[in-house]
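Undergrad: Have a look at the structure that comes next, please.
The values are calculated or read from the model by the stated rules, or taken from the named source; none is laboratory data. These numbers were taken from a predicted model, which means no experiment stands behind them. All Cβ positions, even for glycine, are placed from backbone atoms using ideal geometry, and neighbour counts span all protein chains on display. Accessible surface is based on the protein model in full, side chains and every heavy atom, while ligands, DNA and RNA are left aside. Shrake-Rupley method; radii C 1.70, N 1.55, O 1.52, S 1.80 Å.
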Amino acid sequence: MFPAVTRAFLLSSMTPVCRSGVTVRRYCMKNPTKLRVSEAFLDAQVGEKVRIQGWVRSFRPQKQNLFLHVNDGSSLKSLQVIAPAAMNDPLLGFGCAVEVRGILKKSPHSKQPVELEAEQIWVIGECNPDFPFKIKERHSLEYIRQFLHLRCRTNAFSSLLRIRSEATAAVHSYFKNNGFLLVHTPTITSNDCEGAGELFQVEPPGTTFANEGSFFSVPVYLTVSGQLHLEVMSGAFPRVYTFGPTFRAENSQSRRHLAEFFMVEAEISFTESIEDLTKVWKSAFTAKIVINCYPKSYIFLSPLHLKDTLDDMLRKSFPVITYTEAIDILKRSSETFTFPTDWGCDLMTEHEKFLVKHCGNIPVFVTDYPHDLKPFYARDNQDHPKHTAAAVDLLVPGVGELSGGSLREERLDLLRSRLGECGLEDTYSWYLDLRRFGSVPHGGFGLGFERYLQCILGVDNIKDVIPFPRFSHSCLL
């Protein structure tokens, strides 16, 4: 149902007009220029009749005028609309969808460059009074997380989605400008790249293929990483990357784990040092992503966080320490840790956050992990008695481990021996072929995109940096 002004507008739009015996229908006449709110703020259409479509973010009726702020998602700021009080209607209010036609004018107020003097207001979709977000309340991220289907309508989450979009574009721009080829790696795979067994198995429902075995004839899973497929491509292209969803069947509801998340992964051929990897890694991390997001992120970040975290990440060198040095730091500290800090133990989140704080609360690379902690493809340093692998993790403030990578084992005899120890030589015979036919030294890394956003935005819970979070016992929408 539309308000009276809407009905009148619709009728007048359809009524034929007679001019000198010629009938002209109004829908054939020139319509006002349609603008997005972001375009209205450019001042180019000042003095012209325009139309804006969006949602009412505030509504203030007064004796002579109505004041509305309308937002269409193209800008964090809303456009102020001024209308005669006679245009007020019970359906016009906070949260409703409207089309407004009127004259765009310079605003006398310094905080807004333009405002729209309304001639017609069309309520396209009314908003019921039980809308969970209130006009004068600033809701916490925890509160709006309860309404996954509605939270994009809040300033906080709409800002985050703009930043996520900007960061996604910046990732692709960085790799394109630095000579990387984008590869669309498969979502369904027969590989367990991480070797941890935290896989979602894929199989059609019912008994359609009961007599034929499984659909693919082999067990298949949702991908945990595109790395092995990138390694295939690195035999023909020296720089490749992928950016897409990955899946882990971790039974966790923590602030830093998701069952579905996005990964930025890169593979570089003809490289023989961890330093070559970390240079690309840091460049990608500090590219235009943070710079582009800076003006759009103030709704999340205090000036203190901007100064102490974002600027430090952009301007300071990232310290590099070995795993052995990290263990020494942990053992010498007066901190009481829940998990052991013996050489050979994996670093846990509490250890990672302590190391970041110890190094000045900026990102830090940890290299040369124990060989037994890393997957079969990590290059063996052959440095007995410690026996480490040429692997590296990037630890960042507030999150801990953000990304991991390694040089890959390109020596056929060592790789075959490692696969044999793991009982995987037959399964990964194709992987051995990559070493048999023109192999080169290479390496790569994978960066968790949501954890990256957590880090640069100072968001505590990873479920607040992805549109539709999936985690154990929760898959809404």
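Undergrad: Could you check how many residues of the stretch 355-365 are open to solvent by 40 Å² or more (accessible area, probe 1.4 Å) and either within 17 Å of R418 (Cα to Cα) or not polar (S, T, N, Q) (or both)?
TA: Of the residues in the stretch 355-365, the ones open to solvent by 40 Å² or more (accessible area, probe 1.4 Å) are 357-358, 360-361.
Of the ones still in play, those that are also either within 17 Å of R418 (Cα to Cα) or not polar (S, T, N, Q) (or both) are 357-358, 360.
Count: 3.
Undergrad: Here is a further query. Quick one: would you say K136 is surrounded by fewer than 13 Cβ atoms within 10 Å (Cβ to Cβ) and farther than 25 Å from F243 by Cβ?
TA: So K136 fits the description; yes.
Undergrad: Only one residue in D372, D368 is outside any loop (DSSP other than H, G, I, E, B), closer than 22 Å to E231 by Cβ, open to solvent by 10 Å² or more (accessible area, probe 1.4 Å) and in contact with a helix residue (DSSP H, G or I) (Cβ under 9 Å, 6 or more places away or on another chain). Which one? Steps first, please.
TA: Numbers: D372 fails: in contact with a helix residue (DSSP H, G or I) (Cβ under 9 Å, 6 or more places away or on another chain).
From the options D372, D368, the qualifying one is D368.
Undergrad: I need every pair where a residue in the stretch 162-174 that is open to solvent by less than 30 Å² (accessible area, probe 1.4 Å) has its Cβ under 7 Å from the Cβ of a residue that is part of a helix (DSSP H, G or I) and of a type in the set (A, V, I, L, M, F, W, C), sequence separation at least 6 or different chains.
TA: Final answer for the pair search is I163/C293; I163/L457; R164/L453; A167/I289; A167/C293; A167/L453; A170/I289; V171/I289.
Undergrad: Across the stretch 418-434, what is the number of residues that are surrounded by fewer than 18 Cβ atoms within 10 Å (Cβ to Cβ), assigned to a loop (DSSP other than H, G, I, E, B) and not β-branched (V, I, T)?
TA: Residues flagged as surrounded by fewer than 18 Cβ atoms within 10 Å (Cβ to Cβ), assigned to a loop (DSSP other than H, G, I, E, B) and not β-branched (V, I, T) within the stretch 418-434 amount to 4.
Undergrad: Which residues, counting only those in the stretch 233-251, are closer than 18 Å to V183 by Cβ, touching a Phe, Trp or Tyr at 6+ places or on another chain (Cβ under 9 Å) and open to solvent by 30 Å² or more (accessible area, probe 1.4 Å)?
TA: Taking the stretch 233-251 and keeping what is closer than 18 Å to V183 by Cβ, we get 233-246.
Next, from what is left, pick out any that are touching a Phe, Trp or Tyr at 6+ places or on another chain (Cβ under 9 Å): 235, 237-241, 243-246.
Residues satisfying the conditions are G235, F237, P238, R239, F243, P245.
Undergrad: Also, I was wondering about something else. From the list D89, D72, which residue is closer than 20 Å to P113 by Cβ and among the charged types (D, E, K, R)?
TA: Values: D89 fails: closer than 20 Å to P113 by Cβ.
Going through D89, D72 in turn, the sole match is D72.
Undergrad: State which residue is nearest to R101 (Cα to Cα) when the search covers only the stretch 50-68 and only residues that are surrounded by fewer than 16 Cβ atoms within 10 Å (Cβ to Cβ) and under 38 Å from the mean Cα position of the chain (by Cα).
TA: The residue in question is F67.
Undergrad: Could I ask something else about it? If a residue has to be open to solvent by 70 Å² or more (accessible area, probe 1.4 Å) and either of a type in the set (G, A, S) or within 22 Å of S406 (Cα to Cα) (or both) to count, how many in the stretch 329-341 make the cut?
TA: Residues of the stretch 329-341 open to solvent by 70 Å² or more (accessible area, probe 1.4 Å): 331-332, 334-336, 338-340.
Pick out the ones that are also either of a type in the set (G, A, S) or within 22 Å of S406 (Cα to Cα) (or both) and you get 334.
Residues meeting the conditions: 1.
Undergrad: Inside the stretch 435-468, can you point out the residues that are surrounded by fewer than 21 Cβ atoms within 10 Å (Cβ to Cβ) and modelled with pLDDT of 90 or more?
TA: Of everything in the stretch 435-468, those that are surrounded by fewer than 21 Cβ atoms within 10 Å (Cβ to Cβ) and modelled with pLDDT of 90 or more turn out to be R435, R436, F437, G438, S439, V440, P441, N461, I466, P467, F468.
Undergrad: Scan the stretch 328-365 for residues that are of a type in the set (F, W, Y) and not in a loop (DSSP other than H, G, I, E, B) and jot them down.
TA: Here is the first cut: in the stretch 328-365, the residues of a type in the set (F, W, Y) are 337, 339, 343, 354, 365.
F354, F365 - these are the residues of the stretch 328-365 that are of a type in the set (F, W, Y) and not in a loop (DSSP other than H, G, I, E, B).
Undergrad: Right, here's the next one. Condition check: over 25 Å from F247 (Cβ atoms) and either open to solvent by 60 Å² or more (accessible area, probe 1.4 Å) or in contact with a helix residue (DSSP H, G or I) (Cβ under 9 Å, 6 or more places away or on another chain) (or both). Does N178 satisfy that? Lay out the reasoning, then the answer.
TA: Numbers: over 25 Å from F247 (Cβ atoms): yes; either open to solvent by 60 Å² or more (accessible area, probe 1.4 Å) or in contact with a helix residue (DSSP H, G or I) (Cβ under 9 Å, 6 or more places away or on another chain) (or both): yes.
Yes, satisfied.
Undergrad: Kindly indicate the residue of the stretch 419-443 that is of a type in the set (D, E, K, R) and out of contact with any Asp or Glu (no Cβ under 7 Å at 6 or more places or on another chain) and also nearest to K353 (Cα to Cα) among those meeting that condition. Give the steps one after another, and end with the answer.
TA: From the stretch 419-443, those of a type in the set (D, E, K, R) are 421, 425-426, 433, 435-436; that's our starting set.
Filter again for out of contact with any Asp or Glu (no Cβ under 7 Å at 6 or more places or on another chain), leaving 421, 425-426, 433, 436.
Numbers: E421: 33, E425: 37, D426: 40, D433: 40, R436: 41 Å.
Across the stretch 419-443, the extreme among qualifying residues is E421.
Undergrad: Would you point out which residue out of L76, L91, L68 is closer than 23 Å to T154 by Cβ and touching a Leu at 6+ places or on another chain (Cβ under 9 Å)? Spell out how you get there, then give the answer.
TA: On the way: L76 fails: touching a Leu at 6+ places or on another chain (Cβ under 9 Å); L91 fails: touching a Leu at 6+ places or on another chain (Cβ under 9 Å).
Of the residues listed, the single one that is closer than 23 Å to T154 by Cβ and touching a Leu at 6+ places or on another chain (Cβ under 9 Å) is L68.
Undergrad: If you take the residues in the stretch 252-278 that are modelled with pLDDT of 90 or more and loosely packed, with under 15 Cβ neighbours inside 10 Å, which one is farthest from K176 (Cα to Cα)?
TA: S273
Undergrad: Go through the stretch 98-120 and count every residue that is small (G, A, S) and either part of a loop (DSSP other than H, G, I, E, B) or modelled with pLDDT under 90 (or both).
TA: Of the residues in the stretch 98-120, the ones small (G, A, S) are 102, 107, 110, 118.
If we keep only those that are either part of a loop (DSSP other than H, G, I, E, B) or modelled with pLDDT under 90 (or both) too, we end up with 107, 110.
Summing the residues that are small (G, A, S) and either part of a loop (DSSP other than H, G, I, E, B) or modelled with pLDDT under 90 (or both) in the stretch 98-120 gives 2.
Undergrad: Sticking with this one: Looking at the stretch 77-90, can you tell me whether even one residue there is touching a Ser or Thr at 6+ places or on another chain (Cβ under 8 Å) and not polar (S, T, N, Q)? Show your work before the answer.
TA: Kept after step one, since they are touching a Ser or Thr at 6+ places or on another chain (Cβ under 8 Å), are these residues of the stretch 77-90: 78, 80.
Add one more test, that the residue is not polar (S, T, N, Q), and what stays is none.
Looking for residues that are touching a Ser or Thr at 6+ places or on another chain (Cβ under 8 Å) and not polar (S, T, N, Q), one finds none in the stretch 77-90, hence no.
Undergrad: Go through the stretch 375-408 residue by residue and tally those that are open to solvent by 10 Å² or more (accessible area, probe 1.4 Å) and on the phi > 0 side of the Ramachandran plot.
TA: Number of matching residues: 3.
Undergrad: Restricted to the stretch 37-47, and to residues that are of a type outside the set (V, I, T) and touching a Leu at 6+ places or on another chain (Cβ under 6 Å), which residue is farthest from T154 (Cα to Cα)?
TA: Initially, the stretch 37-47 is screened for residues of a type outside the set (V, I, T), giving 38-45, 47.
Filter once more, so that each one left must be touching a Leu at 6+ places or on another chain (Cβ under 6 Å): 40, 45.
Details: A40: 21, Q45: 28 Å.
Going through the qualifying residues, I end up with Q45.
Undergrad: Filter the stretch 69-86 down to the residues that are within 25 Å of the chain's Cα centre (by Cα) and not hydroxyl-bearing (S, T, Y) and list them by number. Break it down into steps so the answer makes sense when it comes.
TA: Initial filter on the stretch 69-86 (within 25 Å of the chain's Cα centre (by Cα)): 71-78.
The answer is N71, D72, G73, L76, K77.
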